[in-house]
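Remarks on the structure that follows.
The values are calculated or read from the model by the stated rules, or taken from the named source; none is laboratory data. In this text the structure is predicted, and so the values were computed from the model without any measurement. Cβ placement follows ideal geometry from the backbone for every residue including glycine, while neighbour counts extend to all protein chains displayed.
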Amino acid sequence: MFLPSVIAANNVVKSVTPSMEIEGIDFDVTTLPQKSTMYANDGKTVIADFYAQNREVVPLKQISTPMQQAVVAREDRRFFEHSGVDVQGVMRAFVQTYVNQGDQQGGSSLTQQYVKNVLATKARENGDPIGEYHATEDTIARKMREMLISMQMEQKYTKQEILQGYLNIAQFGSNSLYGVQAAAERYFNTTADKLTPVQAATIAMVTKNPSKYDPSIPENQPEAEKQRNMTLKQMKEQGFITQEQYEDAVKQPIAETLHVQDVSRGCMAANYDAGFFCDYVVHKIENSPEFGKTKEERQRLLQEGGLKIVTTLDIDANQLMMQTANETIPANDPSGMEIVMASVKPGTGEVLGFGMNRTYDATERAATDPTRASMNYAVDQVDGGGRGFPIGSSWKPINLIAWMQQGRSINENLINPTNFQTSLFSCNGYTGGTDNWHVTNALTNGTVSPESPFLGLVRSHNTTMASMGSKIGLCAVADAAKAVGYHNAIMGQEDVYSDVSMHPALLIGGTTSVSPLTMASVYATYAADGVACSPIALKQVETADGDKLKVPSANCHQAVDKDIIQTLAYAMNQGVERPDGAGQFGKLANGRKSFLKTGTNEDTYVTTGGFTPHEIATFVLIGDVQDPNNNRIANIAINGQYHSYWDGGTIAAPAYAKFTNSYLDKKNIQVDSNYGQPAAKYMGSSGPAPANNQNGQNNQNNQQQR
């Protein structure tokens, strides 16, 4: 009743009412919250979607004509005639609602509805619940505000732009379903440009009452079909479809027209068994300043920024690791043991995937179901993992690198006692003391003396490692570890020089607190001629408008001399090939040259790290990652096989070989048989030690780290 006077008093309106600029609202459709999609390393294979509102903004030219017609017929038949406010509709609604005391009528134009949605959306984004309430409250004041802004909208934007905005912002279903593109995918497994009149009428009617009319909910379908047919009738009356099209359309049961797709979101719904990898990527985005100043800003960008996130995930690697993990130790195995695997692409830092004998589950169900977990023990604490693990002898290749970095031959014979004063290992970062460190070997329960560093690595003898450390100092070993990419998993104590690490027992992997991913990255350095890279999970992140965001760098660099790495690789290969080698149970099939090192941390964890040159590096850890002290990996059956003593060779190395063989076969990769050529300057004059009849089997000892 008072609307005409408002419109007439245009100059007064301009001076006393909020303009779009004063509102501080951007009505550009591209600023709407949009879902982000995470892809595998091919940039095409979808891993997961993330959204606060499931929306993918599309231009009007990518929305079918029937869809445009359906929403105009249903919501605002005079849309192309009015100037933002449908006076006739408003009067009809006023009379019906307030004069006749009938059902509440809206009378809002499409422009008004678009304005309301934008105001509510922006208030929600800004964390302003009061603003969101005022944007949707049922008052004349709210309606007036909408009308005034709508009239200004019509002066600034074309009808096509407003229609485009409405079709992208409106809610077209329950479960946070917004925009016609998401609705087309949800209900019909198609895209907005392919929507037929029947499909368009189905979607158009939902927005009136998204929870009541959502056709994917079976109990809604009778009413949804009624509403769809009503929309089809309106389309016929306005000349958008013929009488024949109308009659054919209303005969179709709505249930038979649907092809409902799952709309689960986030890492819980990750495809290709990639839930743990997905969770790692989310933590990387939340922790990286490249994506916002605060964690909250980064989370909002992920949920609303419409990002295209291309990750480093290799679908084949991830699926084969998950398969290997569950075949090695079934999730419901009575032993309760867990297997954790991680793989990295050498020379790139790219994380290829993870393997765990658990189902990723971030719900409360994981608390009572031991086959489910949300914590990824393959990664650092800051990335959603644990505090890391002692890895035993899988550490020992670092000792050999440190030894050669001091200019020493790996064939130098050493006298190797079982007792060492800790002061022998002192250096600028470790003072040692007057206490005694007792160390023995698994096979002999004592020592092998004399022995060279080369044979010490091949046979995995602890006393030889201790003797090496006493001659070059613990800091030389710590420096080598940092060079190849080692760091602790514990937040605030990442540096290897922290108190948790610096003790001579570091030489046999007894004081490490490292994640399997970090160790896979270390072994990737061995596989890339000494090029070390920080692990990365993101290859490219692109915004909804096509801008590429900066992603964390792998910082690849030559960290260790190539001759040292080639000599180390030779020694690691001999640990597989020689009959006295500790790694013989991880030998690859089909004559492939093998490089690996097993590890055993007493009876808590068993490990194996290995690589194929320039292709893939993998680390395997097995044990009870949550309660290792009360559930020891000894005198138990795992997957139906009993051992009084489990070590890296009996279970971790075979798991490594099984996965690596499968991966190389899948990718048709041939291993570089020339890798591992020792440098004469590190071999000395004596050359490699001859093989003997020792078989490398372990016996339990409380100081063994084989």
(request) Could you please find all residues in segment 572-597 being within 20 Å of S343 (Cα to Cα) and among the small types (G, A, S)? (result) G583, G586, A589, S594
(message) Please count how many residues of segment 526-540 are buried (at least 21 other Cβ atoms within 10 Å of the Cβ) and within 19 Å of G353 (Cβ to Cβ).
(response) 7
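Part of a loop (DSSP other than H, G, I, E, B) and of a type in the set (D, E, K, R): is that true of D563 in this structure? Walk me through it before giving the result.
Details: part of a loop (DSSP other than H, G, I, E, B): no; of a type in the set (D, E, K, R): yes.
It is false that D563 is part of a loop (DSSP other than H, G, I, E, B) and of a type in the set (D, E, K, R).
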(message) So, in segment 529-548, how many residues would count as being in contact with a strand residue (DSSP E or B) (Cβ under 6 Å, 6 or more places away or on another chain) and over 30 Å from P613 (Cβ atoms)?
(response) 4
(request) List every residue pair whose Cβ atoms sit under 6 Å apart, with the two residues 6 or more apart in sequence or on different chains, where the first one lies in segment 63-82 and is closer than 10 Å to Y166 by Cβ and the second, anywhere, is in a loop (DSSP other than H, G, I, E, B) and of a type outside the set (G, A, S). (result) V72/F79
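One line per residue, one yes/no per condition, for (1) polar (S, T, N, Q); (2) in the same structural domain as M502 (by TED's automatic domain parsing); (3) closer than 26 Å to D563 by Cβ:
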position	(1), (2), (3)
G407	no, yes, yes
I410	no, yes, yes
I415	no, yes, no
T418	yes, yes, no
Q421	yes, yes, no
C427	no, yes, yes
G432	no, yes, no
D435	no, yes, no
A442	no, yes, no
(request) Return the residue satisfying two criteria in turn: it lies in segment 51-65 and is buried (at least 23 other Cβ atoms within 10 Å of the Cβ) and of a type outside the set (D, E, K, R), and of such residues it is nearest to the chain's Cα centre (by Cα). (result) Y51
(request) Pick out, from segment 292-401, the helices (runs of 4 or more DSSP H) lying fully within it that include 2 or more residues that are at pLDDT 95 or above, β-branched (V, I, T) and farther than 26 Å from V541 by Cα. (result) 315-328
(message) I'm told Q421 meets every condition in (1) under 22 Å from the mean Cα position of the chain (by Cα); (2) at negative phi except one. Can you identify the failing condition by its number?
(response) (1)
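Out of the residues in segment 527-573 meeting the condition of being at positive phi and small (G, A, S), tell me which one is modelled with the highest pLDDT. Quick ask: steps written out before the conclusion?
First, the residues of segment 527-573 that are at positive phi: 529-530, 546, 555.
This time we only want the ones that are small (G, A, S), so: 530, 546.
Values: G530: 98, G546: 90.
Selected residue: G530.
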(message) When the residues of segment 238-289 are narrowed to those that are among the hydroxyl-bearing types (S, T, Y) and within 19 Å of T312 (Cα to Cα), which ends up nearest to the chain's Cα centre (by Cα)?
(response) Y280
(request) Could you tell me which residue of segment 590-615 is nearest to G530 (Cα to Cα), considering only residues that are in contact with a strand residue (DSSP E or B) (Cβ under 9 Å, 6 or more places away or on another chain) and of a type in the set (S, T, N, Q)? (result) T612
(message) Looking at segment 496-505, can you tell me whether even one residue there is in a loop (DSSP other than H, G, I, E, B) and either of a type in the set (F, W, Y) or outside the structural domain of P613 (by TED's automatic domain parsing) (or both)?
(response) yes
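If a residue counts only when it is surrounded by fewer than 22 Cβ atoms within 10 Å (Cβ to Cβ), which strands (runs of 3 or more DSSP E) contained entirely in segment 581-683 have at least 3 such residues? Spell out the reasoning first.
On the way: elements: 595-601, 605-612, 616-623, 634-638, 641-645.
Strands (runs of 3 or more DSSP E) meeting the threshold: 634-638, 641-645.
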(message) I'd like the residue in segment 490-543 that is free of Cβ contacts under 8 Å to residues at least 40 places away in the same chain and among the polar types (S, T, N, Q) and, out of all such residues, is farthest from G388 (Cα to Cα).
(response) S498
